[in-house]
Amino acid sequence: MKKLSLLILSIVFLSGVGYGKPLEPVMQPKVILKDFDSFLFYIGAYYKPYQDFISYDAASRLITKKVFLEKLKTGDYLPLRLKVNDGKLYYILYKIDPDRYKKISSYIDGYAYQWLENYEKQGKKFPAFNFTDINGNKYNAANTKGKVLVVKCWFIGCQRCEEEMPELNQLMARHKNRKDIIFISLAPDSKVKLHAFLKRKRFDYPIVAGQNSFIENKLKVTAYPTHLIVNKQGIVVNVVDDPEDIEWALQHRI
């Protein structure tokens, strides 16, 4: 049934993409599900939840991205990427046995909530703000008008937040000539603790201290790190958790 489901997809591509040709996944499910390390490799290499993609349910019916992510929250499906060479991403829900693949199912179930939560923030107005970073620089609606905002939410002691900082520094450097992009970060930690942190760790983003309430109550961020990309009209166009997806958003969403 599962192989048949993939073959049926060749019929539903009415645009001509893959029409009349059996579609293959980028990795066979049995290889992905071989063990947890193989699954993590697949997710890291091929699953891009924050980019635009075309999605299908387990019966090869076209569904919205929101429905696709909601289905993943059950832990009953693997987001299986398909080989289509048209510059777009295609995924189909591949049914798995959550009892047999408990660790994998739990991972998908847990992260799907974050994927969906971030997706549902898109299209909303970024809340009113009046920030002063730890060096005294001010950021508000007036002096950032017509600018793109790249906002990182993080805290001292968050391992992933710290691990990605070198890559974020490189990202900021690549866009140093873009006067229409402002990089800024929000942290719940105090100004004193953040200055001490910067003595041991380089982070080039301006940092705004004491932002726990804004992060949790205004932005509704519950996982760290989280990055919000806000367009020149003040609309959140993407919410991601990886530097690679920030770059994608800057290229495709603004």
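The values are calculated or read from the model by the stated rules, or taken from the named source; none is laboratory data. All values reported here derive from a predicted model rather than from experimental measurement. A quick note on method: Cβ atoms are made from the backbone with ideal geometry, for glycine too, and the neighbour counts reach across all protein chains shown.
Can you give me the number of residues within the stretch 102-115 that are crowded, with 20+ Cβ neighbours inside 10 Å and over 16 Å from the mean Cα position of the chain (by Cα)?
Kept after step one, since they are crowded, with 20+ Cβ neighbours inside 10 Å, are these residues of the stretch 102-115: 104, 108, 112, 115.
Imposing the further condition that a residue be over 16 Å from the mean Cα position of the chain (by Cα) reduces the set to 104.
So the count comes out to 1.
Of the conditions (1) in contact with a strand residue (DSSP E or B) (Cβ under 6 Å, 6 or more places away or on another chain); (2) under 29 Å from Tyr47 (Cβ atoms), Val208 satisfies every one except a single condition; which number is it?
Condition not satisfied by Val208: (2).
Of the residues Gly136, Gly123, only one is surrounded by fewer than 17 Cβ atoms within 10 Å (Cβ to Cβ), over 17 Å from Ala249 (Cα atoms) and not polar (S, T, N, Q); which?
On the way: Gly123 fails: over 17 Å from Ala249 (Cα atoms).
None of the other options fit; the residue is Gly136.
With the condition kept exactly as written, say whether any residue in the stretch 206-221 is out of contact with any Asp or Glu (no Cβ under 6 Å at 6 or more places or on another chain), hydroxyl-bearing (Ser, Thr, Tyr) and touching a residue at least 40 places away in the same chain (Cβ under 8 Å).
Within the stretch 206-221 (the criterion being out of contact with any Asp or Glu (no Cβ under 6 Å at 6 or more places or on another chain), hydroxyl-bearing (Ser, Thr, Tyr) and touching a residue at least 40 places away in the same chain (Cβ under 8 Å)), the answer is no, since none of the residues qualifies.
Among the residues of the stretch 236-254 satisfying the criterion of being assigned to a loop (DSSP other than H, G, I, E, B) and of a type outside the set (Asp, Glu), which is farthest from Leu89 (Cα to Cα)? Spell out how you get there, then give the answer.
Step one: list which residues in the stretch 236-254 are assigned to a loop (DSSP other than H, G, I, E, B), which gives 241-242, 253-254.
Narrowing the set further to residues that are of a type outside the set (Asp, Glu) leaves 253-254.
Details: Arg253: 16, Ile254: 19 Å.
Checked the stretch 236-254; the qualifying residue farthest from Leu89 (Cα to Cα) is Ile254.
Condition first: of a type in the set (A, V, I, L, M, F, W, C), assigned to a strand (DSSP E or B) and under 13 Å from the mean Cα position of the chain (by Cα). Now tell me which residues in the stretch 221-235 satisfy that. Working first, answer last.
To start, the set of residues in the stretch 221-235 that are of a type in the set (A, V, I, L, M, F, W, C) comprises 221, 223, 228-230, 235.
Retained after the next criterion (residues that are assigned to a strand (DSSP E or B)): 228-230, 235.
Leu228, Ile229, listed by residue number.
Residue under question is Asn118, and the condition is that it be at pLDDT below 95 and either in a strand (DSSP E or B) or under 26 Å from Trp248 (Cβ atoms) (or both); does it hold?
Working: at pLDDT below 95: no; either in a strand (DSSP E or B) or under 26 Å from Trp248 (Cβ atoms) (or both): yes.
The answer is no for Asn118.
Among the listed residues Arg100, Arg61, identify the single one that is more than 21 Å from Trp248 (Cα to Cα), of a type outside the set (Ser, Thr, Tyr) and touching a helix residue (DSSP H, G or I) at 6+ places or on another chain (Cβ under 9 Å).
From the options Arg100, Arg61, the qualifying one is Arg61.
I'd like the full set of residues that are of a type in the set (S, T, N, Q) and buried (at least 16 other Cβ atoms within 10 Å of the Cβ), limited to the stretch 193-213. Give the steps one after another, and end with the answer.
Here is the first cut: in the stretch 193-213, the ones of a type in the set (S, T, N, Q) are 211-213.
Result: Gln211, single match.
Looking at (1) surrounded by 14 or more Cβ atoms within 10 Å (Cβ to Cβ); (2) closer than 23 Å to Lys48 by Cβ; (3) at pLDDT 95 or above, which is the one condition that is false for Ile254?
So Ile254 meets the others, but not (3).
List every residue pair whose Cβ atoms sit under 6 Å apart, with the two residues 6 or more apart in sequence or on different chains, where the first one lies in the stretch 89-111 and is assigned to a strand (DSSP E or B) and the second, anywhere, is at pLDDT below 95.
Tyr90/Val84
Looking at this structure, is Asn169 touching an Asp or Glu at 6+ places or on another chain (Cβ under 7 Å) and among the polar types (S, T, N, Q)? Spell out the reasoning first.
Details: touching an Asp or Glu at 6+ places or on another chain (Cβ under 7 Å): yes; among the polar types (S, T, N, Q): yes.
When the stated conditions are applied, Asn169 passes them.
I'd like to know if the stretch 168-184 contains one or more residues that are part of a loop (DSSP other than H, G, I, E, B), under 15 Å from the mean Cα position of the chain (by Cα) and within 26 Å of Gly123 (Cβ to Cβ).
Here is the first cut: in the stretch 168-184, the ones part of a loop (DSSP other than H, G, I, E, B) are 175-180.
When the remaining residues are screened for being under 15 Å from the mean Cα position of the chain (by Cα), the result is none.
No, the stretch 168-184 has no match at all.
Quick one: how many residues across the stretch 59-81 are β-branched (Val, Ile, Thr) and in contact (Cβ under 8 Å) with a residue 24 or more places away in the chain?
Total satisfying the criteria: 1.
Would you please list the contacts, defined by Cβ atoms under 9 Å and residues six or more apart or on different chains, that run from a residue in the stretch 147-175 that is closer than 19 Å to Trp248 by Cβ and without any contact (Cβ under 8 Å) to a residue 60 or more places away in the chain to a residue that is of a type outside the set (Lys, Arg) and assigned to a strand (DSSP E or B)?
From the stretch 147-175, the pairs are Met172/Val150; Met172/Ile181; Met172/Phe183.
Condition test on Asp86, is it more than 17 Å from Tyr46 (Cβ to Cβ) and among the acidic types (Asp, Glu)?
Details: more than 17 Å from Tyr46 (Cβ to Cβ): no; among the acidic types (Asp, Glu): yes.
No: the conditions fail for Asp86.
Residue by residue, here is whether (1) surrounded by 17 or more Cβ atoms within 10 Å (Cβ to Cβ); (2) over 16 Å from Ala112 (Cβ atoms); (3) at pLDDT below 95 holds:
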| position | (1), (2), (3) |
| --- | --- |
| Lys3 | no, yes, yes |
| Lys21 | no, yes, yes |
| Glu24 | no, yes, yes |
| Ser38 | no, yes, no |
| Pro49 | yes, no, no |
| Ser60 | yes, yes, yes |
